[in-house]
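*Asks:* The following block contains the structure, expressed as structure tokens.
The values are calculated or read from the model by the stated rules, or taken from the named source; none is laboratory data. Predicted, not measured: the structure shown is a model, and the values here were computed from it. Don't worry about glycine lacking a Cβ; one is built from the backbone with ideal geometry, like all the others, and counts go over all protein chains shown.
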Amino acid sequence: MLNRMKAKCSVVALVAILFSFLNQGTLAYFSLVGKAASVVTSGNIQFAIHEMTDQGTEFPEEGVYILPGAVVSKEVSIENICAHPFYLRVKIVYGVDSKELSAEDCFKLQIDPARWILHEGWYYYNGEVSPGMTTENVFSHVEIVGSKVDNRYLGKTLQLTVLAQAVQSENNPLTDEKPYTASGWPAE
């Protein structure tokens, strides 16, 4: 009888604990990570990264052939394709198919510091991205730095990847109007 009563008390206590956890309010921030030319979804946040040429065509998925000193048209923007506003950040990742070489110094990008704020390696869009809105270009062309791309790069593939992340802006106040102070940015 005593064991049965202890078991009932244990079950009642367990149910009470579970009930208290379920009733606690939580504030969740949806976040996501995207890679160029993708539609990314997480929770209720969705965006598309657009890579276009100045001719209005999509940037070739297989890339383009380059020469040192060339300027390549590549207009990168991000579109909010959901019903919720969000804050946005992008990171430019450089690569080359050779471990002995570096690609970061091979590219020169013109990024508008009034629109895109550089903070700890990420470019934060200066403002909220409303539903249906497409950001101004992160950059519109890529210059291949001729003094850096020498014969060591002959036959190599240089890569420039745009990664994007967004967090909801609803109920997510900023400190000093700085988008990088929003809560919920994913860890790298």
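*Asks:* Could you list, in sequence order, the residues of the stretch 165-179 that are loosely packed, with under 13 Cβ neighbours inside 10 Å and part of a loop (DSSP other than H, G, I, E, B)?
*Replies:* Those that are loosely packed, with under 13 Cβ neighbours inside 10 Å and part of a loop (DSSP other than H, G, I, E, B): E170, N171, P173, D176, E177.
*Asks:* Which ones in the stretch 63-81 are more than 23 Å from Q168 (Cβ to Cβ) and part of a strand (DSSP E or B)?
*Replies:* V71, V72, S73, K74, E75
*Asks:* In the stretch 145-164, which residue that is assigned to a loop (DSSP other than H, G, I, E, B) and among the aliphatic types (A, V, I, L, M) is surrounded by the fewest Cβ atoms within 10 Å (Cβ to Cβ)? Break it down stepwise before answering.
*Replies:* Residues of the stretch 145-164 assigned to a loop (DSSP other than H, G, I, E, B): 145-150, 154-157.
With among the aliphatic types (A, V, I, L, M) added as a condition, the list becomes 145, 149, 154.
On the way: V145: 13, V149: 23, L154: 8.
Among them, the one singled out is L154.
*Asks:* Exactly one of these conditions fails for S38: (1) among the hydroxyl-bearing types (S, T, Y); (2) at pLDDT 90 or above; (3) out of contact with any helix residue (DSSP H, G or I) (no Cβ under 6 Å at 6 or more places or on another chain); (4) under 24 Å from E188 (Cα atoms). Give me its number.
*Replies:* Evaluating S38 over (1) among the hydroxyl-bearing types (S, T, Y); (2) at pLDDT 90 or above; (3) out of contact with any helix residue (DSSP H, G or I) (no Cβ under 6 Å at 6 or more places or on another chain); (4) under 24 Å from E188 (Cα atoms) leaves (2) as the failure.
*Asks:* Is it the case that S77 is polar (S, T, N, Q) and at pLDDT below 85?
*Replies:* Criteria not met by S77.
*Asks:* Kindly indicate whether any position in the stretch 162-171 is closer than 25 Å to D112 by Cβ, without any contact (Cβ under 8 Å) to a residue 24 or more places away in the chain and out of contact with any helix residue (DSSP H, G or I) (no Cβ under 9 Å at 6 or more places or on another chain).
*Replies:* No: the stretch 162-171 contains no residue that is closer than 25 Å to D112 by Cβ, without any contact (Cβ under 8 Å) to a residue 24 or more places away in the chain and out of contact with any helix residue (DSSP H, G or I) (no Cβ under 9 Å at 6 or more places or on another chain).
*Asks:* Within the stretch 110-169, how many residues are on the phi < 0 side of the Ramachandran plot, under 16 Å from the mean Cα position of the chain (by Cα) and charged (D, E, K, R)?
*Replies:* Of the residues in the stretch 110-169, 3 are on the phi < 0 side of the Ramachandran plot, under 16 Å from the mean Cα position of the chain (by Cα) and charged (D, E, K, R).
*Asks:* With the condition kept exactly as written, say whether any residue in the stretch 2-18 is modelled with pLDDT under 95 and under 30 Å from W185 (Cα atoms).
*Replies:* yes
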